[in-house]
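Below is one structure, written out as structure tokens, with a few remarks after it.
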Amino acid sequence: MAAPHFSSPDIDTLKRAARERALAARVGCDPALGADLSRHVLAEMTLPEGAVVSGFWPMPGEIDSLPLLTALHTRGHRVLLPHTPKIGNPLIFRHWQPGVEMVRERFGTYRPIGEIGVPDWLFVPLVAFDAAGRRLGYGGGFYDRTLPLLPGAVTVGCAFAAQELDEVPAGEYDAALHAVATERGVIRFRDF
């Protein structure tokens with residue numbers, strides 16, 4: 001777990017304001033820039049052979065993660081997508097491949113109905129990130145509950161470069177990322 005960055009009781013207020021800034025910054029960004037993100041990840045990161053990878057089905061307004069997921073599948077990686085459980089529970093990851101049947105989730109995303117797996121690498125959505133590797137999600141805490149259960153996993157945020165903030169408010173349970181991938185390249189924060 002990341003060390004607390006802010007200890008203020010107003011952390012929720014700070015996060016809400018940061019989310020508003022980051023979401024406003026991504027308005028007008030082209031989701032198709034996900035193809036550039038995919039090229040950067042494949043050129044700048046070496047995933048171990050046989051690594052099990054989790055991605056995400058992009059919600060409206062997010063950078064398109066599907067070019068990356070498809071490329072990783074083509075390279076022989078087992079790809080998983082999250083199945084969002086009830087609030088308060090960690091994510092469940094299910095096997096995905098192009099063309100598999102998908103089920104609509106409650107937050108405007110989709111998930112496969114395939115078998116459950118455990119990822120070694122997680123490409124995660126985010127609303128905002130900063131130069132210290134702090135990630136701000138949508139506020140449900142799903143990844144913050146899940147990542148401590150996967151202590152050896154590599155975590156890479158996926159976003160538009162415009163979503164970088166000078167500082168992301170983070171609390172005691174907010175997990176820091178190893179890297180962030182954008183349409184401009186990969187930014188590394190920790191060794192992996």
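What follows draws every value from the coordinates through simple rules; no lab data is involved. All values reported here derive from a predicted model rather than from experimental measurement. Every residue, glycine among them, receives a Cβ derived from its backbone with ideal geometry; neighbour counts consider all protein chains shown.
Can you name the residue in region 134-157 that is charged (D, E, K, R) and not in a helix (DSSP H, G or I) and, of all such residues, is nearest to the chain's Cα centre (by Cα)? It comes out as Arg135. Here is a check on your reading of the model: is Pro169 in contact (Cβ under 8 Å) with a residue 24 or more places away in the chain, more than 21 Å from Met59 (Cα to Cα) and touching a helix residue (DSSP H, G or I) at 6+ places or on another chain (Cβ under 7 Å)? Answer is yes for this residue. Checked against (1) over 17 Å from Gly137 (Cα atoms); (2) surrounded by 17 or more Cβ atoms within 10 Å (Cβ to Cβ), Gly76 passes all but condition (2). When His95 is tested against (1) part of a loop (DSSP other than H, G, I, E, B); (2) without any contact (Cβ under 8 Å) to a residue 24 or more places away in the chain, only condition (1) is not met.
Every listed requirement among (1) surrounded by fewer than 14 Cβ atoms within 10 Å (Cβ to Cβ); (2) not in a loop (DSSP other than H, G, I, E, B) is met by Asn89 save one, (2). Among the residues making up region 46-62, those that are within 9 Å of His77 (Cβ to Cβ) and either hydrophobic (A, V, I, L, M, F, W, C) or in contact with a strand residue (DSSP E or B) (Cβ under 7 Å, 6 or more places away or on another chain) (or both) are Leu47, Ala51, Val52, Val53. The set of residues in region 31-83 that are among the polar types (S, T, N, Q) and in a loop (DSSP other than H, G, I, E, B) comprises Thr46, Ser65.
Report, ordered by the first and then the second residue, all pairs with beta carbons closer than 7 Å, sequence separation of six or more or different chains, a first member in region 47-72 that is farther than 22 Å from Gln163 by Cβ, and a second member that is among the charged types (D, E, K, R). Between residues of region 47-72 that are farther than 22 Å from Gln163 by Cβ and residues that are among the charged types (D, E, K, R), the close pairs are Ala51/Asp120; Val52/Arg78; Val52/Asp120.
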